[in-house]
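Contents: one structure, followed by commentary.
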Amino acid sequence: MCIPGPDVMELQAKKGQSPANTWNPLPSDDVLFGNSAAMVEVRKKALRICRTNVPVYLAGEGGTGKEAMARWIHHNSHYARGEFVKVNCAAIPGALLESELFGFEPGAFTGANFRKPGRVEHAEQGTLFLDGIADLDLSLQSKLLHFLQDGTFSRIGDHAERKIDLRLLCASDKDLEEETLAGRFRQDLFYRVHVFRLTLPPLRQRREDIPSMAEFFCRHFQTQFGVKAEPFSPDALSYLQNLPWPGNIRELSNVVARYVLMGPESMLYPDDVPGKNKRKLIIDQNGTHVTLKRMAKDAIKEVERNVILEALRANQWNRRKTAQELRISYRTLIYKIQDAGLGSRRTAVAGAHGQVGVSIENKRNGA
Ligand SMILES: Nc1ncnc2c1ncn2[C@@H]1O[C@H](COP(=O)(O)OP(=O)(O)O)[C@@H](O)[C@H]1O
Ligand SMILES: [Mg+2]
């Protein structure tokens with residue numbers, strides 16, 4: 001038997017709730033996509049798939065904008081008339097997640113003394129965004145697979161089959177292919193959710209987009225906090241452009257929020273610099289205070305050195321490849337390597353111990 005899905009808005013009105021997922025304001029397309037080559041590609045692909053109903057898998061490191069992109073796809077699709085329903089699979093434990101996704105009937109399990117429609121029902125004619133899908137446990141993976149095969153499911157404790165029409169978008173910070181190969185993710189489900197893959201590049205691969213994004217966040221937070229901030233100086237923008245950004249756009253947004261509230265000096269403390277190292281950034285080797293301008297210059301140099309070192313390591317110290325990846329000329333790279341004292345693999349390792357500030361690896365290890 002097939003029961004049509006309930007009217008979600010009616011259900012919510014009855015319970016006096018606001019819609020399951022209220023809209024986050026999305027930045028304009030110009031800000032969202034930027035102008036970097038990597039994002040021009042993403043934009044082309046996104047435009048091609050948004051009007052279809054194919055499931056899209058959004059790949060990319062944490063904070064690269066997967067959820068923002070999912071919202072953009074929803075907003076620009078035929079499913080925009082329905083809700084955008086996000087379910088964070090990584091944050092909800094297995095048993096609870098099943099009842100959250102598919103709902104339950106009274107008496108389905110101990111404590112179930114009322115009826116609860118699942119999130120899939122809330123997404124009728126809309127978009128279901130399964131974030132952190134790689135963390136879905138295996139039993140739930142098979143129930144999801146069944147649902148994706150024919151659009152039908154049953155609430156827990158209910159024999160009736162319900163049919164729902166929705167658009168599925170999934171994302172994960174993990175490598176889903178690797179999870180599938182390791183047997184932690186069903187291969188048949190992998191093919192279902194992975195019909196089309198859109199990969200969001202890390203911020204360090206789209207550095208040219210950083211100034212416009214920083215300015216967008218600056219306007220946004222001034223409005224949100226009701227304060228006025230100084231416009232970014234060219235030095236500040238270049239400083240931001242050269243940070244490694246392991247936390248990607250989320251980290252940039254946090255840094256700019258601090259800038260708006262606390263001023264330019266706050267930007268010298270990126271999220272991942274542990275407390276004891278912060279002091280090194282504002283006191284030089286002789287223990288005397290240095291000017292803000294000087295600190296910014298030193299910090300930019302230090303960040304640049306770390307970025308180059310990381311790229312050199314990633315490319316097995318192949319300088320031509322490294323220059324290409326960093327989008328600078330080979331000659332510029334050689335100059336910068338000499339300037340930063342990174343002559344060879346060996347001197348780079350030795351040099352890292354005597355540096356003011358912290359190397360990327362030290363920061364990541366919390367050293
Ligand atoms: N292209 C973008 N332009 C401006 N802000 C963005 C963009 N992409 C993401 N954001 C913002 O950055 C933060 C992290 O984005 P999010 O989509 O949650 O990343 P992810 O899902 O990959 O972890 C959010 O606050 C989001 O609003
Ligand atoms: Mg996310």
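Could you please find all residues in the range 237-253 being within 12 Å of ligand 1 (Cβ to nearest atom) and either assigned by TED's automatic domain parsing to the domain that holds I308 or surrounded by 19 or more Cβ atoms within 10 Å (Cβ to Cβ) (or both)?
W245, G247, N248, I249, E251, L252
Residues being loosely packed, with under 14 Cβ neighbours inside 10 Å and within 12 Å of ligand 1 (Cβ to nearest atom): count how many of those fall in the range 34-68.
Of the residues in the range 34-68, 1 are loosely packed, with under 14 Cβ neighbours inside 10 Å and within 12 Å of ligand 1 (Cβ to nearest atom).
Please enumerate the residues belonging to the range 88-125 that are more than 22 Å from D173 (Cα to Cα), hydrophobic (A, V, I, L, M, F, W, C) and touching a residue at least 24 places away in the same chain (Cβ under 8 Å).
F102, F104, A108, F109, A112, V120, A123
Residues in the range 135-152: is at least one within 15 Å of ligand 1 (Cβ to nearest atom), outside any helix (DSSP H, G or I) and under 21 Å from the mean Cα position of the chain (by Cα)?
No, the range 135-152 contains no residue that is within 15 Å of ligand 1 (Cβ to nearest atom), outside any helix (DSSP H, G or I) and under 21 Å from the mean Cα position of the chain (by Cα).
Output the residue which, of all residues in the range 183-207 that are in a helix (DSSP H, G or I) and aliphatic (A, V, I, L, M), is farthest from P106 (Cα to Cα).
In this case the residue turns out to be L203.
Residue under question is L128, and the condition is that it be in contact with a strand residue (DSSP E or B) (Cβ under 8 Å, 6 or more places away or on another chain) and free of Cβ contacts under 8 Å to residues at least 60 places away in the same chain; does it hold?
In short, yes.
Given the structure, is S18 modelled with pLDDT of 55 or more and hydroxyl-bearing (S, T, Y)?
no
So which of D209, D173 is modelled with pLDDT under 95 and among the acidic types (D, E)?
D173
Here is a list of conditions, (1) modelled with pLDDT under 90; (2) assigned to a loop (DSSP other than H, G, I, E, B), and T64 meets all of them except one; can you say which number that is?
(1) is the only condition that T64 fails.
P244 fails exactly one of the following numbered conditions: (1) in a loop (DSSP other than H, G, I, E, B); (2) at pLDDT below 90. What is the number of that condition?
Just one mismatch for P244, condition (2).
Any idea how many residues of the range 69-81 are of a type outside the set (F, W, Y) and away from ligand 1 (no atom under 13 Å from the Cβ)?
So the answer is 6.
Looking only at the range 152-169, which residues are free of Cβ contacts under 8 Å to residues at least 60 places away in the same chain, over 17 Å from L97 (Cβ atoms) and surrounded by 16 or more Cβ atoms within 10 Å (Cβ to Cβ)?
The one that is free of Cβ contacts under 8 Å to residues at least 60 places away in the same chain, over 17 Å from L97 (Cβ atoms) and surrounded by 16 or more Cβ atoms within 10 Å (Cβ to Cβ): D158.
Right, S172: buried (at least 20 other Cβ atoms within 10 Å of the Cβ) and of a type in the set (S, T, Y) or not?
yes
Would you confirm whether any residue within the range 164-182 is under 30 Å from L32 (Cβ atoms), part of a helix (DSSP H, G or I) and either within 16 Å of ligand 2 (Cβ to nearest atom) or more than 24 Å from the chain's Cα centre (by Cα) (or both)?
Taking every residue of the range 164-182 in turn, at least one turns out to be under 30 Å from L32 (Cβ atoms), part of a helix (DSSP H, G or I) and either within 16 Å of ligand 2 (Cβ to nearest atom) or more than 24 Å from the chain's Cα centre (by Cα) (or both).
Could you list all residues from the range 69-98 that are surrounded by fewer than 19 Cβ atoms within 10 Å (Cβ to Cβ) and part of a helix (DSSP H, G or I)?
Passing the criteria: H75, H78, A80, R81, G94, A95, L96.
Failed condition for G183, given (1) small (G, A, S); (2) farther than 25 Å from I49 by Cα; (3) touching a residue at least 24 places away in the same chain (Cβ under 8 Å), with all others met?
Evaluating G183 over (1) small (G, A, S); (2) farther than 25 Å from I49 by Cα; (3) touching a residue at least 24 places away in the same chain (Cβ under 8 Å) leaves (3) as the failure.
The values are calculated or read from the model by the stated rules, or taken from the named source; none is laboratory data. These numbers come from a predicted model, not from an experiment. Reconstructed Cβ throughout: ideal geometry from the backbone, glycine too, with neighbour counts over all protein chains shown.
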